[in-house]
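Read the structure below first, then the notes.
The values are calculated or read from the model by the stated rules, or taken from the named source; none is laboratory data. Quick caveat: nothing in here was measured; it's all calculated off a predicted structure. Here the Cβ positions follow ideal geometry from the backbone for every residue, glycine too, while neighbour counts run over all protein chains shown. Side chains are part of the model used for accessible areas, which takes the heavy atoms of the whole protein and leaves out ligands, DNA and RNA. Shrake-Rupley method; radii C 1.70, N 1.55, O 1.52, S 1.80 Å.
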Amino acid sequence: MSDVSPGQRRAEPPRAGRPPEARRPPEPGRAPEPVRGSDAGRGERPPSQPGAAGRPLAVAGLVAALWCIGIGLAVLTTITLIGWIAAPKTALGHGMSGVFRTAVNFWLVSHHAGFSGSHGRVGLLPLGLLVLPGALLHRGGAWMIRGLGVPERPRVAVVRVALALAAPYAALAGLLALAASSSAVRPSAWQALVACFLVATIAGGLGAARAVVAAQVAAQDKGERLRSGLGALLRLLPDRPRSLVIGVAGSLGVLCASGALLVGGSLATHMSDADGLYGVLAPGIVGGVLLLVVELAYLPNAVIWGMAYAIGPGFSVGAGTSVSPTGVFLDSVPAFPPLAALPEPGPAPAVSLLALAAPFLAGGVGGVLTVRSLPSSTSEGAPLWGFVSGTLTGAVLALLAALSGGPLGGGRLATVGPSFWQVGLMAALEVGISAAIAAWMANWLVLRRPARAGAEVVRRPKKREAKKREAEKKPARPAEQQRPARTRPAEPAAEPAPPAIMPVPAPVPADLPAASASPYAPGPLEFEEAEPVLAPRRRARARSRDRDPLPDLAEEPRPAPPPDDGTVVLEGHLDDEPAPPPAPEPVPPPREDPERTENRGGAIYVLREEPPGE
């Protein structure tokens with residue numbers, strides 16, 4: 001049998017006398033195409049892991065679910081066993097079976113699945129424990145997607161991997177909840193199914209998204225690095241959902257920072273009260289370490305409570321209590337050191353009122369990020385998308401408020417934490433309105449930049465032309481006021497440029513030769529009247545010279561008079577001998593017929609001779 005799993009390529013030894021083939025670099029300006037299908041591990045894609053390759057997706061999901069549950073239970077069982085050894089033996093169960101049941105309960109609690117005890121239902125669970133199963137499921141989703149290589153449809157592949165991992169994971173969690181049930185502690189099976197399914201879907205999907213995007217980046221030789229599953233998820237989302245997710249993440253970041261600042265500042269001012277509670281509890285070394293772990297696990301809950309305080313509704317620590325900017329009303333609280341950060345009953349501290357500006361600041365940041373990631377083509381659409389981003393932020397805060405609170409047994413502590421619907425509604429209004437205004441202003445600035453750039457491009461040529469005109473209008477400086485020119489080293493003489501070829505002008509009608517004209521034809525722009533037949537004829541040129549020139553030809557220079565030395569100028573040529581005067585033309589005798597016709601310049605004249613005496 002072959003020892004190479006499907007989807008992998010057997011390494012071939014280099015041929016004799018020929019070095020191994022190097023990887024061919026991609027052409028400049030063109031990214032190499034990712035390899036798909038069964039070519040995993042070839043060419044430009046990193047090789048797939050042998051554990052996931054060649055298995056059906058359902059089998060790979062079951063293997064990944066078993067791997068995540070096994071490691072999680074191993075870690076929590078170890079911590080429970082250490083506490084069982086340090087604490088009284090009956091605190092964490094009777095015998096090893098009791099320790100295992102307690103570890104399973106802790107594992108279900110880490111997925112935010114509640115349980116019921118002798119004192120009532122416990123739903124106030126630490127959100128910090130979600131880090132352990134979330135990290136394991138994130139890695140399991142990445143392991144599963146690497147077996148598929150670079151899929152043709154990455155979004156569909158991520159959803160398939162997340163569901164294939166979540167289904168067996170939730171089923172196994174439900175079975176463990178039923179197996180760990182006892183008379184003292186009864187885990188909720190339906191909460192275990194729902195909570196584990198949601199956690200596995202979200203964490204496994206983020207891990208698969210990060211792995212598939214990392215494979216695409218490696219296939220294209222971009223040299224980039226992905227640091228989080230959220231960044232990979234943003235690459236897989238369409239444009240508009242991506243912009244909304246970015247806006248919601250920005251708003252939540254500002255609100256989380258404000259909540260953490262409130263909790264840290266209040267805890268720093270009440271540090272002496274927290275030390276007093278440590279003295280009362282006296283946990284010891286091992287118990288102190290376990291108590292510190294529990295405090296860190298409840299730290300996300302405290303930050304969410306601080307966010308609820310900044311938004312306005314605040315939170316409660318038991319029935320009939322309230323901690324909000326409008327006032328603090330408290331009763332006896334459990335002896336838990338982090339609860340020492342609660343303010344004194346009465347009016348709210350004046351410094352804490354500054355936190356009321358946090359939701360409006362968060363809305364402004366979210367609106368700007370939403371528009372910057374994808375501007376709106378119309379000014380009316382930007383406020384709408386900003387308000388949608390704020391509304392989604394309110395929905396996420398309502399979910400976080402519901403997860404951060406819950407009952408802590410029966411009686412007065414049946415209601416602990418913020419009201420999810422009040423927090424969600426107030427956050428949607430405050431963050432949504434401020435996000436709409438900020439998105440409108442940011443989109444207006446984005447749309448104004450191209451228009452401003454075009455106006456500057458149009459103004460610059462106009463300014464240059466105006467400067468040139470002013471320079472031409474300025475009078476030249478006199479020679480004594482002009483600055484002496486800077487002397488520069490002599491440069492080699494440049495080659496003379498070839499003479500420019502000037503076009504030959506068209507001949508003017510006055511310059512045309514008149515040799516072809518008939519001596520009897522009339523001059524230009526002149527009409528000749530009929531003359532008697534027997535009258536002596538004169539040349540048309542002579543008559544035209546005697547008359548005044550036309551108005552448009554009066555300004556033309558007249559030819560120079562002929563010289564007095566006896567030379568005759570004829571058509572611009574000099575003759576040494578004067579030409580003889582022309583002989584007079586003989587007058588033709590009268591014809592015998594009394595009527596005759598003549599053609600003069602295209603006109604026909606009828607001549608008639610009358611006898612004398614008539």
Open item on the list: Given the criteria surrounded by 16 or more Cβ atoms within 10 Å (Cβ to Cβ), over 22 Å from Phe387 (Cα atoms) and in contact with a strand residue (DSSP E or B) (Cβ under 9 Å, 6 or more places away or on another chain), does Val303 qualify?
Closed with: no
- [ ] From (1) closer than 26 Å to Ala427 by Cβ; (2) open to solvent by less than 30 Å² (accessible area, probe 1.4 Å); (3) assigned to a helix (DSSP H, G or I), pick out the condition that doesn't hold for Leu353.
- [x] (2)
Open item on the list: Being in a helix (DSSP H, G or I) and closer than 20 Å to Val245 by Cα is the requirement here; does Leu403 meet it?
Closed with: no
TODO: Go through (1) surrounded by fewer than 17 Cβ atoms within 10 Å (Cβ to Cβ); (2) at pLDDT 95 or above; (3) over 18 Å from Ala308 (Cβ atoms) and name the single condition Ala395 misses.
DONE: (3)
Task: Scan of the range 157-193 for residues that are within 15 Å of Phe115 (Cα to Cα), part of a helix (DSSP H, G or I) and touching a residue at least 40 places away in the same chain (Cβ under 8 Å), ordered by number - done: Ala173, Leu176, Ala177, Ala179, Gln191, Ala192
- [ ] May I ask you to say which residue of Pro334, Pro375 is farther than 30 Å from Val446 by Cα and at pLDDT below 95?
- [x] Pro334
- [ ] Quick one: in the range 306-321, of everything that is at positive phi and open to solvent by less than 30 Å² (accessible area, probe 1.4 Å), which residue is modelled with the lowest pLDDT?
- [x] Gly318
Task: Qualifying residues in the range 261-299 (those that are β-branched (Val, Ile, Thr) and farther than 16 Å from Pro334 by Cβ) - the one surrounded by the most Cβ atoms within 10 Å (Cβ to Cβ) - done: Val263
Task: Breaking point among (1) surrounded by 19 or more Cβ atoms within 10 Å (Cβ to Cβ); (2) more than 28 Å from Gln216 (Cα to Cα), for Leu175 - done: (1)
Open item on the list: Is it the case, given these coordinates, that Gly424 is at pLDDT 70 or above, touching a Leu at 6+ places or on another chain (Cβ under 8 Å), under 30 Å from Asp331 (Cβ atoms) and not in a helix (DSSP H, G or I)?
Closed with: no
TODO: Spot the failing condition for Ala232; the list is (1) under 30 Å from Leu136 (Cα atoms); (2) open to solvent by 30 Å² or more (accessible area, probe 1.4 Å), and only one is missed.
DONE: (2)
TODO: Please work out which residue is modelled with the highest pLDDT, limiting yourself to the range 48-107 and to residues that are surrounded by 21 or more Cβ atoms within 10 Å (Cβ to Cβ), in a helix (DSSP H, G or I) and among the hydroxyl-bearing types (Ser, Thr, Tyr).
DONE: Thr102
TODO: Please verify whether the range 310-324 includes one or more residues that are among the β-branched types (Val, Ile, Thr), under 30 Å from Pro383 (Cα atoms), touching a residue at least 24 places away in the same chain (Cβ under 8 Å) and touching a helix residue (DSSP H, G or I) at 6+ places or on another chain (Cβ under 6 Å).
DONE: yes
Open item on the list: Given the condition modelled with pLDDT under 85, in contact with a helix residue (DSSP H, G or I) (Cβ under 8 Å, 6 or more places away or on another chain) and open to solvent by less than 50 Å² (accessible area, probe 1.4 Å), answer yes or no: does some residue in the range 214-222 qualify?
Closed with: yes
TODO: Restrict the check to the range 334-341 and report whether at least one residue is under 23 Å from Glu430 (Cβ atoms) and either among the aromatic types (Phe, Trp, Tyr) or in contact with a helix residue (DSSP H, G or I) (Cβ under 8 Å, 6 or more places away or on another chain) (or both).
DONE: no
TODO: Look through the range 442-452, keep the residues that are open to solvent by 50 Å² or more (accessible area, probe 1.4 Å) and either hydrophobic (A, V, I, L, M, F, W, C) or not in a helix (DSSP H, G or I) (or both), and return whichever of them is modelled with the lowest pLDDT.
DONE: Ala451
Open item on the list: On the basis of being surrounded by 19 or more Cβ atoms within 10 Å (Cβ to Cβ), β-branched (Val, Ile, Thr) and either part of a helix (DSSP H, G or I) or touching a Phe, Trp or Tyr at 6+ places or on another chain (Cβ under 6 Å) (or both), does Val371 make the cut?
Closed with: yes
Open item on the list: For the range 374-392: of the residues being of a type in the set (S, T, N, Q) and over 16 Å from the mean Cα position of the chain (by Cα), which is least open to solvent (accessible area, probe 1.4 Å)?
Closed with: Ser389
